[in-house]
Amino acid sequence: MRRFWMLIGTLMLGVGLAQTPPVADLSQDARLQKPITVWLRIETLPDALKAIQKQVGVPLVCPDRFRNEKVAIFVENRPAHEVLTMLAKLFRMRWEVYEDGYRIERPSEETELEEEATRLAQEAKRKGVEAYIETARRVLAMTPEQRKQRIGAIQKELEKQQGRASEAALRSEFVHLSALESPVEETNLLFALLGIVPQAHISRLLKGEVLTYSTHPSAGVNAIPPAVGQWYEAQRKAQLEKPSTEEQEWYREYLRNRKILRFSVGYRLSSVSSEILCQLGVEKEQTIQPALPRCEHRLYQTTVPLDEIVSDQSRLTREWNQWSESSESLRAWLQRLKPLPNRTPRPPDWQPFQEQRYMRNFVMPTQRLELLAWQYGLPIVADAYRLGLEVLTDTFTPLGAIQSLQNTHWMRREGDYLLVRRKRYWAWRAVEPPEAPIRELETKFQKEGTLTIDDYARFVAALDEKPYQWLLESSFSYGLYTLAVRFPTEPLGNLPLLRFWATLTPAQRQAVLAGEFLPLRTLTLPQRKAFEHALEPLFPHPNRLLAPPSECRFMFARGIFWGWFDDADSVPSESGFALQGAPKKLRQTRLFTERDYPITYMMEDRGTNDPGFESHLLEAGETIVRRETSIATVYGFRFFMAPGMEQTYEFGYFVPLKETPQNGSK
């Protein structure tokens, strides 16, 4: 009987092997000798293959499981089999004969390699966090004089350490030292407390728990040792006693006005990046300016350097490092390239992505590659992402850009092709938003010039949990200026609102927009979960951590529209959701002068710009070269839960008006 089952197993193995399609040599197919031109800035792998199939007429099948792979292809007049072969090499895939065409597949071993790399990255993050906490403890134990001396030593050491593994650890220590030596702020409490957190708490943090601390803790919240508050007051007192210039006197006034009564702190380890997320809730006594908010609610991110020695142990990383060409070899090759004659500096419709607050231009790394392909006729195939943008500077050059991309990408020449892969692409792919809902909003905005809150809610509902979490953490810390889309991103700074809005029925949405209050007790279970998430998206609300809860409102500053709605709204009689007053029409004006950056101001729209503000600039000797004006209709929303817990969000975005040239007079 045993021999029988061994024979059956052998036969089944033979059948399985016989069914494995052979690897195809595309260069032997006469149909794929046809020269093709493919110019795709970012496209899913299945849709990129459809575009090539349309040119050659050969079926090219891509399994649906690869729909989240995105690619950039910049190739002019090259044989189709070359382009397809380079695609397979870049993605570590292979072409198999499939009916009258070909199917692209990935060996099963690749999944195992990515899982190992992910596991080691988590281990590297764990070791990085432990080293980060140890640095905080060491720095906190130093005297002020020792910290100053150490800052000077690190600055000299960093000049020698550029590009080395130890550089990240030195920069981490420098951040801690600088935070404690900088003018005293409530944020210093985060560093001080982190330096005395017990090791048992750190273990809980590494397991994904949220750590919460309070000077007046409610049930289940850790008590903040009195030494932390005493340390802060000592720092504050020393700052007030320092001799100051007239220019610094405003800061002394600022410190005298901000006496902390109670505060709470939260820490959590990001699930999608190598960062510790921090929350600070502060209740103050405004001794000089009592009209200012007494309670403040802030979120911060502090980046934890990964332990590169651990993360680079993965077989996948080692193989890519071996595959990648050396910087010296690529640099020598780039210097030999000659630009094509009669080419414009940029391809048709090549445009950076612009964020609204600071007027910075961003580009996808593949847009840098596109300029190189355009100006030098170089065929390039790369993976592509809408996340992880780079600032476009005035000193940007295609060759210089490639050299800078070597820090974040693996690169290799294959013949005269350049293949480029994002380092740790398995982690980037996990948080990359799906392409279909992005294209839907881009198409509608291009066609109609406007998007509704329903449109944005539909986009957010289409996000898987990891992309949602990545965008959520980004929006709460430094804004959504790292997402490359051709529609306004201001509303995406309010993801929890949009996720909740997606759960509402059309009748509920209409009622809220008409000014009706939506009680929590009337919501379904999925709606309640979305409500609770919007109320406490990353941490427990500061008032949940204080006993008793504060009577003042913890205001959280979020996005460019924060502060435009009345903070004196009456407290609802029950928990629920509603508009925060009537919508507001805002006008944002950018004045371009002879400075390197525009001067921006915002006001309620009354049909004209602020003449007083501009007159002040002219009197100061400024020359207004150009002004740009944008209009936004903004809705404020409020989530409230008794006792004293609330979150406010805004929905709106700026639409540019026609630019107005100036005569340049002062």
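The values are calculated or read from the model by the stated rules, or taken from the named source; none is laboratory data. Treat the numbers as computed from the prediction; the structure is a model and nothing was measured. Positions of Cβ are generated from backbone atoms using ideal geometry, with glycine treated the same way; all protein chains shown enter the neighbour counts. Protein only, heavy atoms only, side chains kept; ligands, DNA and RNA dropped before computing areas. Shrake-Rupley method; radii C 1.70, N 1.55, O 1.52, S 1.80 Å.
Quick check on my filter: what residues within the range 343-357 are farther than 11 Å from TRP374 by Cα, open to solvent by 70 Å² or more (accessible area, probe 1.4 Å) and either assigned to a loop (DSSP other than H, G, I, E, B) or aliphatic (A, V, I, L, M) (or both)?
Answer for the range 343-357, where residues must be farther than 11 Å from TRP374 by Cα, open to solvent by 70 Å² or more (accessible area, probe 1.4 Å) and either assigned to a loop (DSSP other than H, G, I, E, B) or aliphatic (A, V, I, L, M) (or both): ASP349, GLN351, ARG357.
Return a yes/no flag: does the range 387-398 have any residue that is surrounded by 13 or more Cβ atoms within 10 Å (Cβ to Cβ), among the charged types (D, E, K, R), out of contact with any helix residue (DSSP H, G or I) (no Cβ under 9 Å at 6 or more places or on another chain) and under 30 Å from GLY652 (Cβ atoms).
no
Only one of these conditions is not met by ASN407: (1) closer than 24 Å to PHE91 by Cα; (2) part of a loop (DSSP other than H, G, I, E, B); (3) open to solvent by less than 20 Å² (accessible area, probe 1.4 Å). Which number is it?
(3)
Select from the range 98-136 the residues that are closer than 30 Å to SER27 by Cβ and crowded, with 16+ Cβ neighbours inside 10 Å and write down the one among them that is farthest from the chain's Cα centre (by Cα).
Filtering the range 98-136 for residues that are closer than 30 Å to SER27 by Cβ and crowded, with 16+ Cβ neighbours inside 10 Å, the one farthest from the chain's Cα centre (by Cα) comes out as GLY101.
Which one is modelled with the lowest pLDDT, of the residues in the range 467-486 that are in contact with a Pro (Cβ under 8 Å, 6 or more places away or on another chain) and hydrophobic (A, V, I, L, M, F, W, C)?
PHE476
Considering the range 573-603 alone, what residues qualify as being of a type outside the set (Gly, Ala, Ser), within 22 Å of ALA514 (Cα to Cα) and either free of Cβ contacts under 8 Å to residues at least 40 places away in the same chain or open to solvent by 30 Å² or more (accessible area, probe 1.4 Å) (or both)?
Hits for the range 573-603 are GLU574, LEU579, PRO583, LYS584, LYS585.
So SER570 clears everything in (1) open to solvent by 70 Å² or more (accessible area, probe 1.4 Å); (2) hydroxyl-bearing (Ser, Thr, Tyr); (3) touching a strand residue (DSSP E or B) at 6+ places or on another chain (Cβ under 6 Å) except one condition, right? Which one?
So SER570 meets the others, but not (3).
Mind checking which pairs have a first residue in the range 362-380 that is farther than 21 Å from ASP416 by Cβ and part of a helix (DSSP H, G or I) and a second that is among the basic types (Lys, Arg) and modelled with pLDDT of 90 or more, Cβ under 7 Å, 6 or more apart or different chains?
Pairs that qualify, where the first residue is farther than 21 Å from ASP416 by Cβ and part of a helix (DSSP H, G or I) and the partner is among the basic types (Lys, Arg) and modelled with pLDDT of 90 or more, are GLN367/ARG41.
Please report, ordered by residue number, the helices (runs of 4 or more DSSP H) entirely within the range 172-277 with at least 1 residues that are open to solvent by 60 Å² or more (accessible area, probe 1.4 Å) and modelled with pLDDT under 85.
Result: 226-241, 249-256.
Among the basic types (Lys, Arg) and touching a helix residue (DSSP H, G or I) at 6+ places or on another chain (Cβ under 6 Å): which single residue out of LYS529, LYS466 fits that description?
LYS466
Scan the range 500-515 and give yes if some residue there is open to solvent by less than 30 Å² (accessible area, probe 1.4 Å) and under 28 Å from VAL391 (Cβ atoms), otherwise no.
no
Identify, by number, the condition in (1) open to solvent by less than 20 Å² (accessible area, probe 1.4 Å); (2) over 27 Å from ARG78 (Cα atoms) that ILE402 doesn't meet.
It is condition (2) that ILE402 fails.
Among the residues of the range 417-438, is any open to solvent by 50 Å² or more (accessible area, probe 1.4 Å), closer than 18 Å to PHE353 by Cβ and either among the aromatic types (Phe, Trp, Tyr) or in contact with a His (Cβ under 6 Å, 6 or more places away or on another chain) (or both)?
Yes - at least one qualifying residue is present in the range 417-438.
Please count how many residues of the range 300-342 are part of a helix (DSSP H, G or I), among the β-branched types (Val, Ile, Thr) and either open to solvent by less than 60 Å² (accessible area, probe 1.4 Å) or at pLDDT 85 or above (or both).
Summing the residues that are part of a helix (DSSP H, G or I), among the β-branched types (Val, Ile, Thr) and either open to solvent by less than 60 Å² (accessible area, probe 1.4 Å) or at pLDDT 85 or above (or both) in the range 300-342 gives 2.
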